[in-house]
Amino acid sequence: MPTPSAPRARPETPRGLDFDTIVIGAGISGLYQLYRLREIGQKVRVFEAGTGVGGTWYWNRYPGCRFDSESYSYGYSFSQELLDEWDWTEHFAPQPETERYLNHVADKLDLRRDIRFRSRVTAATWDEDRQVWEIALEDGARYSARYLVTAVGALSAPTLPRIPGVEDFRGEAYHTALWPKHPVSFAGKRVAVIGTGATGVQAITEIAKTAGRLTVFQRRPNWCTPLHNRPITPAEMAEIRRGYPEIFERCRETAACFLHTTDPRGTFEVSPEERQAFWEMLYSSPGFAIWLGNFRDVLIDREANALFSAFVADKIRQRVKDPRVAELLIPKDHGFGTRRVPQESGYYEVYNQSDVELVSILDTPLERMTPTGIRTTEREFDFDLIVFATGFDAITGSLDRIDVRGAGGQRLKERWRARLETFIGVMVDGFPNLFMVMGPHTALGNIPRSIEYNVEWIRDLLAHLERHGLRVADARRDAVDEWTAFVKKKGEGLLANEVDSWMTGVNQNVEGKNVRIIARYSGTAPEYREWCDRVAANGYRKLTLA
Ligand SMILES: Cc1cc2nc3c(=O)[nH]c(=O)nc-3n(C[C@H](O)[C@H](O)[C@H](O)COP(=O)(O)OP(=O)(O)OC[C@H]3O[C@@H](n4cnc5c(N)ncnc54)[C@H](O)[C@@H]3O)c2cc1C
């Protein structure tokens with residue numbers, strides 16, 4: 001495994017250009033891309049909208065924010081030194097710990113000197129004559145580079161509910177992904193949380209501990225399962241450290257790069273007693289074992305899915321005392337695991353507190369926000385503080401917010417409005433020298449594992465161009481069609497693709513995102529890597545190189 005190294009000397013940056021490569025975003029993707037491009041001698045500049053590194057773990061400071069990946073399977077795997085010196089303190093680390101970790105990485109690898117913070121990129125234009133990317137920042141500054149890498153995150157463009165008066169509220173109001181750095185007190189306050197996705201579930205559980213009164217506005221319940229987090233003792237950490245090679249090897253082999261993998265048995269191939277015992281075991285196991293380590297047919301077979309959903313529904317009924325509230329918390333419009341499964345630590349018990357109320361906005365929709373609170377079709381509520389746990393314009397949102405124009409002036413956003421398509425999630429034909437880390441249709445799962453792969457693939461391609469005196473790489477049209485067809489095929493038969501969610505490109509808070517599409521690659525990560533490795537091994541013949 002390579003360790004941090006000094007950049008290699010290289011001939012100067014092409015005349016007239018500010019940088020060889022501009023990277024947008026200083027989260028896990030951008031930091032690692034910077035490190036790997038420096039290694040091949042490039043002059044790189046990262047532009048980051050925030051004031052610090054970490055991306056997701058910089059912005060999402062809301063109470064309760066933490067991993068649902070096992071911490072030690074999430075950190076970077078490439079540097080033995082980093083693995084040796086960083087101790088995780090919990091199996092599922094909270095946000096402050098991960099932010100500290102990424103700051104440690106940035107310091108250790110001396111990354112900050114090539115990052116410009118408080119720098120939101122608003123436009124990126126391919127200059128066909130000069131064959132360079134020109135980017136513009138919010139403050140009007142402009143820079144040019146041969147290559148542009150977007151590392152803007154698939155879950156980093158926050159959205160608010162589309163209701164009138166959203167700006168009118170005069171009390172405190174925070175979006176979970178734009179949480180302030182100063183402490184926020186809920187004590188004695190009338191607090192509202194809008195949204196019950198993965199973030200809402202984490203935030204609600206924490207906020208309910210101190211709020212004077214908490215009202216939760218739920219559009220759609222989710223199937224939440226216990227996280228079973230616990231501290232990591234020093235002895236355990238020593239054992240984890242010794243086991244890193246096996247941990248990362250396992251992540252390489254599993255479909256979603258997690259430590260968990262599907263049980264090869266079918267739901268109906270075992271006796272009812274064996275099935276019940278297995279599901280009880282999963283319900284008391286940490287992390288995503290229950291989602292990713294379940295019987296092989298739970299996410300594709302309607303009957304198997306319905307049976308397991310009934311099992312989880314019973315758990316909810318056992319945990320929530322008021323049967324009416326329990327029924328409101330049980331999803332009726334989608335089966336278990338077909339939307340992102342929130343991981344919880346006492347979420348359902350919150351609704352047994354007398355100072356917590358659940359309002360179903362499916363039954364009584366939000367009408368508007370008022371200076372003092374929220375009005376539904378049924379009631380007017382007054383609040384001191386409102387939390388928007390309303391998520392993100394996922395997958396394409398942060399790219400859509402940049403005016404990206406490729407060859408012939410075509411806009412990326414318009415292109416994707418017609419049809420979401422990429423080449424291996426990294427390139428789009430007609431947008432030469434533009435590379436996306438975690439772009440649409442790349443492998444997701446335990447994301448840093450996929451990020452490391454994407455970043456290294458891009459680094460190898462750029463090194464190949466340099467080695468062969470080439471300046472431009474574009475995806476071939478037929479390669480984009482082939483990959484898009486492959487992605488579509490991989491989604492066939494998945495119950496998740498029959499449900500509205502960010503994974504099918506639907507977001508009621510975003511104009512134009514109301515039709516289901518195949519928004520993500522749902523094949524396995526090993527298949528994905530095999531595909532991409534083949535492209536490189538065959539001399540990048542799926543690309544036009546010039
Ligand atoms: C609350 C939460 C919990 C999560 N938990 C997990 C988990 O347990 N396991 C897992 O695998 N994944 C998890 N994820 C997904 C997580 O986003 C990824 O794991 C990972 O952090 C993505 O890193 P990234 O660098 O690709 O993107 P991000 O971390 O999103 O970073 C993108 C950066 O780009 C910057 N940026 C965007 N647009 C611009 C622009 N126009 N100009 C300048 N800068 C810009 C942003 O400010 C941001 O800093 C979670 C996501 C959220 C929101």
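The values are calculated or read from the model by the stated rules, or taken from the named source; none is laboratory data. All figures in this text were calculated on a predicted structure; none of them were measured in a lab. Note that we place each Cβ from the backbone using ideal geometry, even for glycine, and neighbour counts take in every protein chain shown. Ligands, DNA and RNA are excluded from the accessible area calculation, which covers all protein heavy atoms including side chains. Shrake-Rupley method; radii C 1.70, N 1.55, O 1.52, S 1.80 Å.
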What about ASP107, is it surrounded by fewer than 17 Cβ atoms within 10 Å (Cβ to Cβ) and within 29 Å of GLY445 (Cβ to Cβ)? yes
Might you let me know whether the range 110-119 holds any residue that is hydrophobic (A, V, I, L, M, F, W, C), closer than 30 Å to LEU470 by Cα and outside any loop (DSSP other than H, G, I, E, B)? yes
Unique match (being touching a Phe, Trp or Tyr at 6+ places or on another chain (Cβ under 7 Å), more than 14 Å from the ligand (Cβ to nearest atom) and of a type in the set (A, V, I, L, M)) among ALA208, ALA203, ALA145: ALA145
For the range 251-270: of the residues being touching a residue at least 60 places away in the same chain (Cβ under 8 Å) and not polar (S, T, N, Q), which is surrounded by the most Cβ atoms within 10 Å (Cβ to Cβ)? CYS257
Search result, residues across the range 125-168 that are within 18 Å of the chain's Cα centre (by Cα) and assigned to a loop (DSSP other than H, G, I, E, B): ALA151, VAL152, GLY153, ALA154, LEU155, SER156, ALA157, THR159, LEU160
Return a yes/no flag: does the range 52-62 have any residue that is under 20 Å from LYS181 (Cβ atoms), aliphatic (A, V, I, L, M) and touching a residue at least 12 places away in the same chain (Cβ under 8 Å). yes
Which one is nearest to the ligand (Cβ to nearest atom), of the residues in the range 148-159 that are under 17 Å from ARG520 (Cβ atoms) and not hydroxyl-bearing (Ser, Thr, Tyr)? GLY153
Only residues that are open to solvent by less than 20 Å² (accessible area, probe 1.4 Å), among the polar types (S, T, N, Q) and assigned to a loop (DSSP other than H, G, I, E, B): list them for the range 222-247, please. ASN222
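Quick grid of which residues meet (1) hydrophobic (A, V, I, L, M, F, W, C); (2) near the ligand (Cβ under 9 Å from one of its atoms); (3) open to solvent by less than 10 Å² (accessible area, probe 1.4 Å); (4) farther than 18 Å from LEU31 by Cβ:
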{"site": "ALA49", "(1), (2), (3), (4)": "yes, yes, no, no"}
{"site": "TRP57", "(1), (2), (3), (4)": "yes, yes, no, no"}
{"site": "GLY64", "(1), (2), (3), (4)": "no, no, no, yes"}
{"site": "SER77", "(1), (2), (3), (4)": "no, no, no, no"}
{"site": "GLU81", "(1), (2), (3), (4)": "no, no, no, no"}
{"site": "GLU85", "(1), (2), (3), (4)": "no, no, no, no"}
{"site": "GLU90", "(1), (2), (3), (4)": "no, no, no, yes"}
{"site": "GLU97", "(1), (2), (3), (4)": "no, no, yes, no"}
{"site": "ARG100", "(1), (2), (3), (4)": "no, no, no, no"}
